[in-house]
1. Here is a check on your reading of the model: is A:Lys59 away from chain B (no Cβ under 11 Å), away from ligand 2 (no atom under 16 Å from the Cβ), over 17 Å from A:Val198 (Cα atoms) and surrounded by fewer than 20 Cβ atoms within 10 Å (Cβ to Cβ)?
2. Answer with yes or no whether B:Leu350 is at pLDDT below 90, open to solvent by less than 40 Å² (accessible area, probe 1.4 Å), more than 25 Å from B:Leu6 (Cβ to Cβ) and of a type outside the set (Gly, Ala, Ser).
3. Pick from A:Leu183, A:Leu220: which is open to solvent by 70 Å² or more (accessible area, probe 1.4 Å) and hydrophobic (A, V, I, L, M, F, W, C)?
4. In the list B:Ile391, B:Ile346, which residue meets the criterion of being in a helix (DSSP H, G or I), touching a residue at least 12 places away in the same chain (Cβ under 8 Å) and within 14 Å of chain A (Cβ to nearest Cβ)?
5. Out of the residues in segment B:308-328 meeting the condition of being open to solvent by less than 20 Å² (accessible area, probe 1.4 Å) and within 21 Å of A:Phe87 (Cα to Cα), tell me which one is nearest to the other protein chains (Cβ to nearest Cβ).
6. Here are some conditions: (1) at the interface with another protein chain (Cβ under 8 Å from one of its Cβ atoms); (2) open to solvent by 10 Å² or more (accessible area, probe 1.4 Å); (3) assigned to a loop (DSSP other than H, G, I, E, B). A:Asn91 meets all but one. Which one does it not meet?
7. Can you name every residue in segment A:87-103 that is more than 16 Å from ligand 1 (Cβ to nearest atom) and under 14 Å from B:Arg393 (Cα atoms)?
8. List the number of the failed condition for A:Ser174; all other conditions in (1) under 30 Å from A:Thr97 (Cβ atoms); (2) loosely packed, with under 15 Cβ neighbours inside 10 Å hold.
Amino acid sequence: MIDIKNVNKFYGQGDSSFHVLHDINLSISEGEFVSIMGQSGSGKSTLINIIGFLDDEFKGEYFYYNHPIHEYTRTQFSKLRNQNVGFVFQNFKLINTLTVADNVGLPLLYAGEKRKAIKEQVKDVLEAVGLPDASEKKPTNLSGGQQQRVSIARAIVTNPQFLIADEPTGALDSKTSREIMTLFKELNQKNKTTIIMVTHDEKVALQSERIIQILDGRILSDKKVNA
Amino acid sequence: MLFIELLKTSWQSLRVNPKRSFLTMIGIVIGIAAVITIIALGNGVKAKILKELQATNTGKQTTEINYYPNDSTAATQGFSENDLEQIRSNFSATLSAVKFKRDTKNISNTVTMGNDNRTATLSLVKGANQHYDISTGHNITKSDNEVNNQVALLNKKLAIKEYGTEENALGSALSVGDNTYKIVGIFTKASDDYNVDFLLPQKTYLYSTAAQNGSTIKLTFNKGVKVSNASKKIVSFLKKNGSSRKAGSYEYTDMGSLLSGISKVISSLTYFISAIAGISLFIAGIGVMNMMYISVSERTQEIGIRLAVGASGRSIMLQFLLEAIMLTVFGGLLGFLIGWGTAALISLALPFKAIVTFGSFLLAFGVSSLVGIVFGLLPAKQAANKNLIDILR
Ligand SMILES: Nc1ncnc2c1ncn2[C@@H]1O[C@H](COP(=O)(O)OP(=O)(O)O)[C@@H](O)[C@H]1O
Ligand SMILES: [Mg+2]
């Protein structure tokens, strides 16, 4: 599904430019559950943002279902993002002035649907993440674990091909972390959703199927997790 | 995103901070209200002038001179046929016609009923109408009027007072001027101009008193005459030579010059107020721009999230642009209503009505949306061009 070839990433330009990713080669197939680990500042977020079509400024080639994404325009990227990938971030990234239901429905609005038409879908995903009664609340009135569930609901509402999660349990206590991981595993196993996740936590990483280690912008190792 | 959903999104965002949205609107409201007010008054005075000019056929101007007796019960009406003759002969160069202006309603005149002389009020009718009812006897008919029948109707109150019963009053005689009328009916429940002592057939009455006297004369001027000056001269002539000069005064209102004066004041005010409104709208626009910039920077996270879930740069730009336009258009519509109200209030003190047209509405709508677009565009572009990666860090 995902084929990344010789990707390099620089921040800044000219003399002050900073080489973050060095010659990354990576393939991910449908249905995988991949963890990316590494020290802080090693380039994990940078890599996952490229994989998730958030960042279109990189050198090298990126084929998504054999489409050359590196040749796409900005507008094409927006569409690709909207229709193929869901995001879960460490700090949830919810719009606090909107209700939970409005937050969850946002990707569908940008997909061109009407507010009226998406109510049922929003209700269903909120049920799926275990928050059937939260739809009219504001995100700030929910606990961290609940907010992360809302953001997962938002990520899966469009039935994306894959999810990217940047330290999804980083801001949560260990009990809540376990709950969120259970949810991810369920999504991966039941819905066959591909998941690519960045984490610091060995225990969390061990719940996935494959672990990629990154050091200073280079892939150090890429191993299957022993069941 | 569908446009309608985009509109709703913008509306939602404005409602998050209603106080700030309202304060931002105030400048627009004032600017538009000022423009609408002055335009409505300008339209009003123009329409009035047009009407006045049309009243004098073929563009000839007219003036009315009124006579006001010092003693309101005086029998003299002020102008006699002789006065008119004198005006005609002395001002033949400027005047094309001099006539009595004939009142048909609420005329005050001396009448003789029974053996009493008294001052009574009377109105003229051309036949039956719905402004009064007949309680006894019969009404004045159309043909009574056309063949100059000398018949009259008497007010019920006066009938009871003078004759005891309505029936007694029927058939009695009433003298007005040289004519004697026969009372054929008693009328009641009269309204407005018909609530007088007597009703008489119009043609009969005017024929009998034709061109003999009146309290108002109407002067029609030749083309090119300076109406105000000429009117002034005629009034001072009357003050020296008029038949009733000792018992009252002569006055005229020169509608034409009054209106053109007001019109001049309003059109110079229009420039002045438009300039002020323009400045006010410009400053208001800057206010909108300022608030939009603040909003864009406060909502950087929101923009990042929207972009991340698939918003295109275009829909982000439109969202913020629509917020600015909604703000200014609401301000503009509010200003339109306030301007309308203000103009209506001011025109209570002026001799014409304020006129608000659909064009004024379009102007308010157009100008306010233009301000929104012009001053909302840069902040909206800034919102759309934010770097997603930097926001998400
Ligand atoms: N938008 C940016 N502009 C400049 N430098 C950045 C930017 N994002 C990240 N970096 C730098 O790139 C390096 C890798 O960052 P990141 O991918 O966030 O690492 P990680 O997620 O592994 O902690 C860091 O040194 C960071 O300072
Ligand atoms: Mg990171």
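1. Numbers: away from chain B (no Cβ under 11 Å): yes; away from ligand 2 (no atom under 16 Å from the Cβ): yes; over 17 Å from A:Val198 (Cα atoms): yes; surrounded by fewer than 20 Cβ atoms within 10 Å (Cβ to Cβ): yes.
When the stated conditions are applied, A:Lys59 passes them.
2. Judged against the criteria, B:Leu350 is not a match.
3. A:Leu220
4. B:Ile391
5. Among residues in segment B:308-328 that are open to solvent by less than 20 Å² (accessible area, probe 1.4 Å) and within 21 Å of A:Phe87 (Cα to Cα), the one nearest to the other protein chains (Cβ to nearest Cβ) is B:Gly310.
6. (1)
7. A:Phe92
8. Among (1) under 30 Å from A:Thr97 (Cβ atoms); (2) loosely packed, with under 15 Cβ neighbours inside 10 Å, the lone unmet condition for A:Ser174 is (1).
The values are calculated or read from the model by the stated rules, or taken from the named source; none is laboratory data. Values in this document were obtained by computation on a predicted structure and should not be read as measured data. Because the Cβ atoms are built from the backbone with ideal geometry, glycine has one as well, and the counts that use them run over all protein chains shown. Accessible surface areas use protein heavy atoms only, side chains included; no ligands, DNA or RNA. Shrake-Rupley method; radii C 1.70, N 1.55, O 1.52, S 1.80 Å.
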